[in-house]
Structure formats: structure tokens, C-alpha cells
Amino acid sequence: MKKTLRLPSAFFLSAVLLLLPALIPHGAPVLQGGLYAQDTQQTSESASLEDELFGGDEDLFVSADKAQSSSGKAASDSSTEGEPLKFQADLQKAMLSLEGNKLRIGGSLDSSLKLSCNWAELNKPKPDSTLTTNLNANLFFDARPTENLKLYGKFSFGFPFEKTLSEIVKIPKNKLAPSLQSFFPNGIAVPIGVNGAVNISIRELYTDFSLKDIAFFRFGKHAVKWGTGYFYSPADIINLSRIDPQDPEADKEGPLSLRTHIVIPRTQHNLWFYLLPPAESGFKIEDTALAAKAEFVFGNWEWGIGGRYRYEQAPKLVTTLSGSIAGKVAVFAEGVFAWGSDYIYYKNGDYNNGDKEKNKAFFQATAGASYSNAKTHTSVAAQYFYNGFGYRDTKEVQSIIEAGFQEAQKGNLLHDSVRVAGNITSMGHIGQHYIACTLSQNKIGTEKLRAQLFQQFAVSELQGMSVLTFSWNPNRLIGFGIGPAFIYPLSSESQVKSSASLSLSVKMGGGKF
């Protein structure tokens, strides 16, 4: 089991991130094409409403040359190939008509069917087949009653339109009737469920206001962009959800916070301060977390340093760096230092023997790069992630997770192994070493046919994953996707069994408005 960091390279990478800006020459070239793996917090959180209303290309990689070639082809072709250009012109007119309005409303709808055939064991002749319906939507409003005041809200809902809420309610001994206290000396835990709850969630709800164009404030629930990583982002220590490496561009859920953004006059440097109260009302003042970050621009490179503190939780310091090499390859890196861990660690595969590590140093580090070639329509991105909070040997905890999963299938939700399995999986990544990469070919004969290969290696778990997807979009209203996925062990010592799946998806209509 891994409780302290013993990998010198992680400490070295964190130190390099702290010192590297001083070594970067001013005026270094910036990447103009391809995937730029870092959207700074300032860019992400102050993006124009038009970006939210109409979005951008849904491809993982976009290049200026590709966009220009597409427009030129559409303009010179009077057939159906010219429809995208006309559609873009209509959107531009719509954006201009919205500029003078004080209230803007928009949203999106995703609609598709997905058929999946899964072989949990490769020697099984018949797969387990499932048909998944994807019918999700979001609506948002942007109101600006005065020049320096903004009100924004974003709501998500989808199919199934009703969902079941389940939770385990814990009742302490002193809250029980006196006649029951002798029978339940440790209190009781009761599973409850509520049927018919509306499947709707508040993704963002906040207000913006400013003070003399120097200090900008935001209060409410909103996502925060701290990290630079694409597949993994350990420096993202504020948001409530993590990046899914297979869907790295999906929206993340942010917390309730009061954000103060200060622009340093006559520079491109920025200061960010966060007050993070708990989601429940009537909380204790010590339950409030504090966070701060400074961002400095050196030529075309950006370096950030920040931290987060909350009483009785492990304090964390983070540093980020992003830029480009020779204006062609985008690079990004993050480092995290924490004094102590908030996770519970279990020794020798015993779920009755768990403890927190409060007085030891932990490190996390990640680095990656991306490159795109507009002439060949090929793009590639890769990233390595060292997770100092994870286990060096995951065999024992994997057996605990499997035991908890089996008890949950039997309906024994109060079994200790179920609770412990939840504690372990809450780490997100239970191992220490991860590598992810993706290769995209955005044009195979025609821009309507594309292919993408996603590859991930969970080195500590001795597990690999490969996902190949081919997509064909005859027009903007319908699209097809098909491809296999494989999970396999990386050595004979791995506890992972080989499995395979084949998925076929059909996208029907939908879009943004």
C-alpha cells in the first residue's frame, strides 16, 4: 500500500513547474492550430454567450486551415455541401440580433440511440446486449439588467424523466427512543428510496458584478477552471466532478462559491480568490474552505500557482504551466503538494482496518502535449499522470471492491464491504501511474467520415483499454458511430479479465439554439 511518496520524479516535476517560468524567454511562439489542452480560467469563465449559445466544432481537434478549406468548398459548391456555410451565416445574424437584448435564452438537445454488445468473457458465444436511449437537454438564461450586473443559470434534464433517489440515513444513538438505545449502541443506518423524483439538476446559477473594472465578483454555483490537463487534472481541486478521460470535454459540476477576480493594472496577470461554503444551509464557519490562485503571463506562456485550505482537511498547493514548443506542439503540466490525505487507506486487504494519513506529504504531477496537422487532418494528444494518493499495489483493494460489488448485487447495501468499496472508489484513480492518448483522423476521403483511437494504460492496475470509433455524418441532422472497445490485462499478475464490446450509435436531430 502506498501512503507516502517515494518517487523522486514527481517532486522534481513539481519543482520544475515552479521554476520554469523564469527560464522561458519572453515572446516565445504560441500554438495556433490543433488541440490546445488548456483553456485558462479567465478564458473559460468569461467566454462570450455566443459560444454557449452556438458552441464550436464538436471535433476533438480543430484547425484554422481545416475551417478555411471547409468554408471555401461550401462557397464554391451550390449543392448540399454549401448548407453548412449558409447555416453559419444564419447563426451570425442571430448573434448580432441578440447583442442589444438584455435577456438571452438558449440551450441544447442531445438525442441518440446506442446499441452495445458486451462480452464480459471472450469465450462466451453470446454477448449481453443493451439499448441505451440518450435524450438529454439543457436550458440557460443570461440576464443583464444593468451594465455591470449579470444573472446566469443553466439547468439540465433528460431521459428517464423520473429517477429513483436512494440514500442511507444514519441515526445516532442519542436520537433514538430510549427503549431502542440498548439494542443499537452504535445507532442505526437505514436505506431509503424515493420514486418519481424529477430528473433535473441545476448545473450553474450565479450572479456577476464588478467594481470599477478592476475587481470582478461572482457568487453562486459555477464550474471553475484551474487545471491545464486534458485527460487528467489533479490541480482541479475545487470542482465537484472529475474529468472523464474518455470524454474529457464534458462539462464539470462546480461548487457554490464567492469568487473575486482582480486584474493587475497594465499587465495580463490575474488574481483569483474563492470563498467555498458547504452546500447545506446553516453550516459552521469552520466548514468553509478558502482558495486562491495567481496567474502570470510570460510572453505566450502562462504559469499559475494557488492553493486550497479547509479546517480538518489536507491543505493543497498547486502549480500549472501551459504554452507551446516552436509554435507547433502544445504542452501543459501540473503539480500538486498536499500535507496529509483525506482518503481512508486499507491495509492487507482488510476492510476492517482503515485509517487516514494526516502527517505525511503527498504529491501529484502530470504532463502532456498535443499536436495537429491541418494538411493531413491528423491530431494526437498524450498525457502521463502520477497519482501520489493512490496505492502502489492495487491487488488487495481491487479484491475489496469486488467483494463490495457482489454484496451490493445481493442487496446488502449496509454491508461493511459496500461502504469500504465506496471509500476506495471515491479516490477516482486508485493506482499511481496512468497514461492516456488519442489519435484522430478528421478526414478519411471526406470530412464526413472520421476515426478516433483512444488508448489508456492503468499501469498500477496492470490494465489497458483501447477504444476505436468510426463516425459518419451525412449531414448535420443525423450521424452514425460504430467501433469496438477492449479491456485487457498488461501482465499475467493482473486481476483484470479480458473483455470486449461493440457499440453502434445513431444521432438523430438535436443541436443548439
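Report Rg(Cα)/(2.2 N^0.38 Å) for segment 205-310, keeping two decimals. Walk me through the numbers on the way to the answer.
Working: Rg = 14.8 Å, N = 106, 2.2 N^0.38 = 12.9 Å.
In units of the globular-protein estimate, segment 205-310 measures up at 1.14.
Which order results if Arg266, Arg218, Arg144 are arranged by neighbouring Cβ count within 10 Å, fewest first?
On the way: Arg266 6, Arg218 21, Arg144 16.
With the fewest neighbours first, Arg266, Arg218, Arg144 line up as Arg266, Arg144, Arg218.
Return Lys316, Lys395 ranked ascending by Cβ neighbour count within 10 Å, so the fewest neighbours appear first.
Numbers: Lys316 22, Lys395 14.
Exposure proxy ranking, most exposed first: Lys395, Lys316.
Give me the percent relative contact order of segment 319-392, please, defined on Cα pairs under 8 angstrom at least 6 residues apart.
Details: 131 pairs, mean separation 20.2, N = 74.
Averaging sequence separation for qualifying contacts and normalising by length gives 27 percent for segment 319-392.
Ranking Tyr345, Tyr309 by Cβ neighbours within 10 Å, fewest first, what do you get? Intermediate results must be reported in sequence, preceding the final value.
Details: Tyr345 19, Tyr309 14.
By the 10 Å Cβ count, ascending, the order reads Tyr309, Tyr345.
Of Gln364, Ile305, Trp339, which is farthest on the positive side of the dipole of segment 304-386, counting Cα position, with +1 on Lys and Arg Cβ, -1 on Asp and Glu Cβ, and the Cα centre as origin?
Ile305
With θ set to phi - 60° and the Karplus curve 6.51 cos²θ - 1.76 cosθ + 1.60, what are the ³J(HN,Hα) couplings of segment 284-291 in order, to the nearest whole Hz, using x for Gly and Pro?
7, 4, 6, 7, 7, 9, 10, 8
Largest first and to the nearest Å, give the Cα extent of segment 298-395 along each principal axis.
58, 33, 15
Given H placed on each backbone N at 1.01 Å, which residues far from Gly431 in sequence or on other chains put an amide H within less than 5 Å of it?
Here the answer is Tyr391, since their amide H atoms fall under 5 Å of that of Gly431.
Dividing the alpha-carbon Rg of segment 248-293 by 2.2 N^0.38 Å yields what? Let's see the in-between values first.
Working: Rg = 14.1 Å, N = 46, 2.2 N^0.38 = 9.4 Å.
Relative to the rule-of-thumb radius for its length, segment 248-293 sits at 1.50.
Determine ³J(HN,Hα), in whole Hz, for all residues of segment 302-316 in sequence, where each value follows from phi through the Karplus function 6.51 cos²θ - 1.76 cosθ + 1.60 and θ = phi - 60°; x replaces Gly and Pro.
10, 10, x, 9, x, x, 9, 9, 8, 4, 6, 10, 5, x, 10
Using square roots of five times the C-alpha gyration tensor eigenvalues, list the equivalent-ellipsoid semi-axes of segment 251-346 in whole Å, biggest first.
Details: eigenvalues 175, 70, 27 Å².
Gyration-tensor ellipsoid for segment 251-346: 30, 19, 12 Å.
If you bin every alpha carbon distance in segment 402-513 into 5 Å steps from zero, what whole percent lands in each bin?
Going out from 0 Å in 5 Å bins, segment 402-513 shows 2, 10, 13, 14, 15, 13, 12, 10, 7, 3, 1, 0 percent.
Computed from the coordinates by the stated procedures, all read-outs in this text should not be read as laboratory data. Owing to the predicted nature of the structure, the values given are computational and were not obtained by experimental measurement. Note that each Cβ is placed from the backbone with ideal geometry, even for glycine, and that neighbours are counted across all protein chains shown.
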